[in-house]
Amino acid sequence: MEILLCNSRADAVALTAELIAARLRATPAMVLGLATGRTMEEVYDHLATSGAPFDQCTTFNLDEYVGLPPDHPQSYATYMRQYLFDRVDIDISRTHLPDGMAEDLVAAARDYERRIAAAGGIDLQLLGIGASGHIGFNEPLSAFRSRTRDKILTPTTREQNAGMFGGDPAQVPKRALTMGVGTILDSRELILLACGSAKADVVARAVEGPLTSRISASAIQLHTSCKVILDAEAAAELQDIDYYRFVARNEEKWDPYRQYL
Ligand code: GLP
């Protein structure tokens, strides 16, 4: 795991977007895994103006609420169109989100896994982290080997995401269809971005804490190519932060990112 410490939220967002843009420029036909949430809105703003080529890439989103049709204002399908897909030259037929409206969620989940496999797997998966320690919507006790399936959202998550539902947690759907932790770990590269003091505790538990399905994000410790990009507030509770700074200062291959450290 590589910890990239940024001075500000704007720097962390810009670095994340620039890494994605660099991968797209190097391999335009790549398979990109996308995330949602407030933090990612800024990443997509940056990406939309970066000029990165989206015309050949294929995308898979981590998750979608169960029961919200794609044209629902709070669906992640709408979110993706609003923040990214409508603003770049992407082929919408190559964008994928789980079908939260499927009558048979088990079959929809299996189909999502099949589509990811048919695309050749995910090259780069972008991740945020929820207050419950989730990646995607893998709430506590999600098996590290789990695949796409529907999960009940925790009260913590419904509280956290209430802002997008008029501030009322009861309006947040109770379930979501999400890639599993195992699905995420199968991606060839992971980038997890977290900003702000509200994430400091859960970031420390994910990055430095014991591997535990109580914090599904701790599973990223098992991945051999994972960058964690943090602003100073989100990094505030890391115990070994001096060591991560030392590594960053001495690691040749990070030279291009030195300006952000
Ligand atoms: C939702 C998504 C997660 C994301 C989280 C972070 O819960 N399902 O994939 O990590 O939001 O949200 P925010 O960036 O708003 O803190």
Residue exposure sequence - V202, V43 - by fewest surrounding Cβ within 10 Å:
V202, V43
Measure off 7 Å from each Cα along the Cα-to-Cβ vector at T49 and E159, then give the distance between these two points in nanometres to one decimal.
3.5 nm
For the chain (alpha-carbon point model, no solvent) the Debye-based log₁₀ I(q)/I(0) at q = 0.14 Å⁻¹ works out to -0.93
Dipole in debye (nearest 20) - region 3-161, about Cα centre, beta carbon charges: Lys, Arg +1; Asp, Glu -1
400 debye
Just the number, please: Stokes-Einstein D of region 114-216 in µm²/s, Kirkwood Rh from C-alpha pairs, 20 °C, 1.002 mPa s.
149 µm²/s
Please work out how many pairs of lysine residues in the chain are eight or more positions apart (or on different chains) and have Cα atoms closer than 27 angstrom.
6
Which loop-located chymotrypsin sites (Phe, Trp or Tyr not before Pro) does region 134-232 contain, where loop means any DSSP state but H, G, I, E or B and the Cβ has at most 10 other Cβ atoms within 10 Å?
none
In what sequence do K227, K174 fall when counting other Cβ within 10 Å, fewest first?
K174, K227
Based on the Kirkwood radius over alpha-carbon pairs, what is the Stokes-Einstein translational diffusion coefficient of region 185-255 at 25 °C with 0.890 mPa s viscosity, in µm²/s?
191 µm²/s
Most exposed first, judged by fewest Cβ atoms within 10 angstrom, C226, C6 run C226, C6
Projected onto the charge dipole of region 180-254 (unit charges on the beta-carbon of Lys, Arg, Asp and Glu, signs +1, +1, -1, -1), the Cα from G196, T183, S225 with the largest positive-side position is that of T183
Sparse-neighbour loop sites [GluC sites (Glu not before Pro); region 11-120; at most 11 other C-beta within 10 Å; DSSP]:
E103
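Every read-out reported here was derived from the displayed coordinates using simple, explicitly stated rules and does not represent laboratory data. The structure displayed is predicted, hence computed values, not measured ones. Cβ: placed from backbone, ideal geometry, glycine included. Neighbour counts: every protein chain shown.
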